[in-house]
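See structure below.
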Amino acid sequence: MGNLMNAAKSLGVDSIWIHRAKEEFESEIGRDILSKLGITDEYEGIGHCALGYAAAPLNDPAPRKENYVYYI
């Protein structure tokens, strides 16, 4: 998934990882969707990746916390 998101960014496409696919595909509706697509029990969904263009510029990342890592 990370490689997909990195490739999208290199093409100027924004992405977001939505981590709920496993629960969705375990539901009755989700199993029905997989069945209609011919996807067997051998596979399981883990996450969705939505691709598109941001409506506004992305925020800068939050600064890293200082002294957050402790060595013992």
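Summary of computed values
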{"item": "Residues of segment 12-57 satisfying the condition of being under 20 Å from GLY2 (Cα atoms), of a type in the set (D, E, K, R) and assigned to a helix (DSSP H, G or I)", "result": "LYS22"}
{"item": "Inter-residue pairs, beta-carbon under 7 Å, first more than 8 Å from LEU51 (Cα to Cα) and in contact (Cβ under 8 Å) with a residue 24 or more places away in the chain and in segment 7-21, second among the small types (Gly, Ala, Ser) and part of a loop (DSSP other than H, G, I, E, B), 6+ apart", "result": "TRP17/GLY47; ILE18/GLY47; HIS19/GLY47; ALA21/GLY45; ALA21/GLY47"}
{"item": "Checking ASN6 against (1) part of a loop (DSSP other than H, G, I, E, B); (2) loosely packed, with under 12 Cβ neighbours inside 10 Å, the condition it does not meet", "result": "(1)"}
{"item": "Flag if GLU44 is surrounded by 11 or more Cβ atoms within 10 Å (Cβ to Cβ), of a type in the set (D, E, K, R) and touching a helix residue (DSSP H, G or I) at 6+ places or on another chain (Cβ under 8 Å)", "result": "yes"}
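Coordinate-derived values only; no laboratory data. Computed from a prediction, not measured in an experiment: that's the story for all the values here. Cβ coordinates were reconstructed from backbone atoms using ideal geometry, including for glycine residues, and neighbour counts include every protein chain displayed.
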